[in-house]
Each structure stands twice: as C-alpha cells, then as structure tokens.
Amino acid sequence: MHLDKSKYMQPSILIIEDDQRMAELIRRGLEENGYAVSLAIDGKEGLSLALKRDFDAVITDILLPSMNGLELCKTLKKHNDKYPIIMLTALGTTDDKVDGFDAGADDYMVKPFEMRELTARIHALLKRSNIHSIEETLRIADLELNQQTKIVKRNGKELNLTPKEFNLLAYMMANAGRVLSKSEIAEKVWDTRFDTGTNFIEVYISYLRRKVDKGFEKKLIYTKPGMGFILKDDYENKN
C-alpha cells in the first residue's frame, strides 16, 4: 500500500535485510520513533521496491541473497543520485567501509549497533540540506567543481571522481582556506561520528590527492599534522 505522506507525515524507510529477526527488530525500533517502515528480504526485492516507491531513505545490508548491497546501492544511485542510503552490516573493516561509500552509500554502520544511534543518523540524513548548493560552481585556482552537472575539472581536464570523493571535495572547496578536522569531515560529509579506530577519511584524502594534485605543479590539498586537512591555493607561501 502506498503511503500518503500528505496525510500521515511519516518519513518512510525501506529496510533490506535477510535476517528476519534483525529486520523486525529494526522495524519496531523505527516505528516507535515515528517512521513508516517496509521490509525486503533480498537484494532484488529491495531494489524493485525502492524503484517503485518514493522512500525517504533505504537501510540495506551488504551480504544479501540475489543481489548484494553494493550492487543495489550503485543501481539506485544511477537512477537517483540523491537517494539516501545507509549500509548496516557486520562488515566493519576500513576496506569494507570504503567499498560501501564508493558504491554511493551516504552512511555506514557496523553491527551490532544501538537503535538510538541509528535513528539519530537517519534523522540527520533526512534533515540534511544540500551543503553544496550555496554556489552552483566552486573554483579554487585552476580547480572547478560544478554542483549541478557533477563535473570537476583541473586546468580544463575533467577528473573522474566517485560520489563520495565529489562530496568531500565540494565540502573542502566550500570551506577553502580553513583547516577541517577529521571529526568535522565525518559529520558534514558522511553524517557520522568519527571512529578513531578507522582511517577511511585519510584514505579518501589520499584518493583526492591522486586525482586532484598528482601531475600538477601547484598542490591544493594539504595535511596539518594533528589538526586535519586544508584545501587552499598557494598554501605553503601564505602560511
């Protein structure tokens, strides 16, 4: 049954989870917090529901029958790159998280989890305004990022960025000249609290450096040891 949001005003969440006990646990927790919840038990069913109905967010496991969560996420993002997706999975290494974000996930949580944290992350994801929409095109030196077309160019050469690399670069460009801590980047770009046990932010900064700075004489992305990262034109001469 299609949810009439104008009548009920409940955010609708799709849970894609093959562990029925876990799925029911999440469903009850979310319904107690005012969400309308639908369930799917495998990847193909979840994808079909997500494409047919207008959910406010999708929560998916990675290890699913018929289609894994990474493939599902990539497919959904191809249809609508703004579809909010949270991966909720037992796979918790840095590589697993990087794979999830590379597939287009907006947030990533590792089981076991606290329901209070999950609802807080959903709330943050749903209320988040587009942090990159202040200006359509951001420019720093010869680096240009268009937030409508999603095209990034350096010295006229188009750069091929993943969705999360794009979001990270957009946030750094919007805050050019300011040191950004790992905690701030995690909160603003990933809508999550920084986990000191992982280095996924350093991994993404490294990815950006290879794509944005490698091969160019002028470097734009720098590390401030013990503080964070900064994107700035002519950084070394101005500090």
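The values are calculated or read from the model by the stated rules, or taken from the named source; none is laboratory data. The structure presented is a predicted model; accordingly, all values stated were derived computationally and were not measured. Cβ: placed from backbone, ideal geometry, glycine included. Neighbour counts: every protein chain shown.
For the reader, a short list of remarks on this structure follows.
- Applying a threshold of 9 Å to beta carbon distances and a minimum spacing of six or more residues, or different chains, the list of pairs starting in the stretch 189-211 at a residue that is of a type in the set (Asp, Glu) and ending at one that is part of a loop (DSSP other than H, G, I, E, B) and at pLDDT 90 or above reads Asp191/Asp106.
- Among the helices (runs of 4 or more DSSP H) confined to the stretch 162-223, the ones with at least 2 residues that are modelled with pLDDT of 90 or more and surrounded by fewer than 19 Cβ atoms within 10 Å (Cβ to Cβ) are located at 200-208.
- Count of the stretch 123-146 residues which are modelled with pLDDT of 90 or more and more than 24 Å from Lys219 (Cα to Cα): 0
- When the stretch 153-185 is filtered for residues that are more than 18 Å from the chain's Cα centre (by Cα) and hydrophobic (A, V, I, L, M, F, W, C), the ones remaining, listed by number, are Leu159, Ala176, Val179.
- When the residues of the stretch 75-111 are filtered to those that are buried (at least 16 other Cβ atoms within 10 Å of the Cβ) and among the basic types (Lys, Arg), the one that is modelled with the highest pLDDT is Lys97.
- Subset of the stretch 4-31 (residues that are on the phi < 0 side of the Ramachandran plot, modelled with pLDDT under 85 and surrounded by fewer than 17 Cβ atoms within 10 Å (Cβ to Cβ)): Asp4, Lys5, Ser6, Lys7, Tyr8, Gln10
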